[in-house]
1. Each label point is 7 Å from the Cα along the Cα-to-Cβ direction; what then is the distance between the points at Ala69 and Lys151, in nm?
2. Any idea how far apart Asn213 and Asp39 come out in nm if each label point goes 7 Å out from Cα toward Cβ?
3. Kindly rank 55-67, 109-121 from highest to lowest mean number of other beta carbons found within 10 Å of each residue.
4. Quick one: grab the alpha carbon gyration tensor of the range 110-231, order the square roots of its eigenvalues as a ≥ b ≥ c, and give me rounded if a/c is under 1.5, else prolate or oblate depending on whether a/b is larger than b/c.
5. For Ser174 and Asn240, compute 0.36 nm times the residue count separating them, minus their Cα-Cα distance, and round to one decimal in nm.
6. Which of the lysines could be linked to Lys24 by a straight reach, that is with a Cα gap under 19 Å, when you skip same-chain ones fewer than 8 residues away?
7. If you take the Cα atoms of the chain, find Rg, then find the Kirkwood Rh from the mean of 1/r over all pairs, what is Rg/Rh?
8. When the helix-only estimate is applied to the chain (DSSP H runs of n ≥ 4, each -39,500 (n - 2.57), divided by the residue count), what is the mean residue ellipticity at 222 nm, nearest 500 deg cm²/dmol?
Amino acid sequence: MTQIIVPVLKEASRWGLGDPYIPKPHQLAKAIAEHLDVDDITKDEVDFFADRLMDKIESALMYYQLIMADDFEDRNISQKRTIYEGLYANLWSFYKGRVQNYLNKMGWDVGFLFCIEENFEKQSSKFIQKNPDHEPIIDYAKKQRDGWQTKFASSRNIAEHSGDYRDGTEYYDSPDKAKYFFTQVCWSAETLISYFGSYKMLPDWNVYEIKPNATIFDRDPRFIVEHAFSTTLRENRRKNG
């Protein structure tokens with residue numbers, strides 16, 4: 001089991017040294033799907049929705065590359081806004097839509113993670129009633145919401161509907177914020193995939209966090225899926241120095 005730590009371009013899947021390494025969430029989700037303790041039909045469905053993770057994150061990468069390009073500042077205000085909104089729309093759809101669908105197919109109802117603030121306590125209590133051993137994920141969700149998710153969701157809601165930011169809701173229009181939210185979204189996605197996936201896997205398989213500080217901008221994986229025997233060997237080596 002894992003522990004909780006607190007315009008379409010066809011070349012979108014090419015990335016440079018400074019780009020996020022987007023295959024990581026997909027690779028993790030696929031590896032977990034391969035070793036689920038479920039029937040074949042469910043396993044195929046989970047695997048199918050693991051592949052759907054790439055659709056949105058590839059589109060997000062395209063917009064991110066445009067923001068980081070040398071000629072981005074030469075664009076007019078409207079073009080810049082369109083690109084930023086494209087990035088954030090795809091990141092949010094990846095996180096709230098595709099990751100949630102993947103977990104739902106596994107048998108988890110995780111709507112409490114993404115509901116509006118006034119419904120969070122009710123939805124999280126409902127989740128704990130069905131899953132009493134998983135209270136730590138509620139604490140994790142609260143920290144995510146307080147740290148970045150609620151503000152990001154509010155900004156996305158305005159962008160998708162009224163476009164009126166006069167109430168003080170922040171509009172994120174800097175390369176630093178683009179990188180920040182790419183990092184946060186993917187970090188949270190990998191955490192949820194690993195946490196919930198680990199509880200549905202065959203007993204002899206584990207999700208192991210080998211590099212807790214690795215983000216989507218690091219090539220090395222944060223999590224690996226391995227046989228329990230390998231985990232035991234790894235833990236013994238660690239304890240013995």
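Read-outs: derived from the displayed coordinates by stated rules, not from any lab. Values in this document were obtained by computation on a predicted structure and should not be read as measured data. Neighbour counts are summed over all protein chains in view; Cβ atoms, including those assigned to glycine, are modelled from backbone coordinates with ideal geometry.
1. Here the answer is 2.9 nm between the modelled labels.
2. Modelled inter-label distance: 4.7 nm.
3. Values: 55-67: 22.2, 109-121: 15.1.
Per-residue mean Cβ counts within 10 Å order the peptides as 55-67, 109-121.
4. On the way: a/c = 3.36, a/b = 1.43, b/c = 2.34.
It is oblate, given that a/c is not under 1.5 and a/b is not larger than b/c.
5. Details: separation 66, 0.36 × 66 = 23.76 nm, distance 4.64 nm.
In short, 19.1 nm is gained.
6. Lys56, Lys96, Lys179, Lys211
7. Values: Rg = 18.7 Å, Rh = 19.0 Å.
Value, to two decimals: 0.98.
8. Details: 10 runs with 131 residues, N = 241.
After summing the helix terms and dividing by residue count, I get -17500 deg cm²/dmol.
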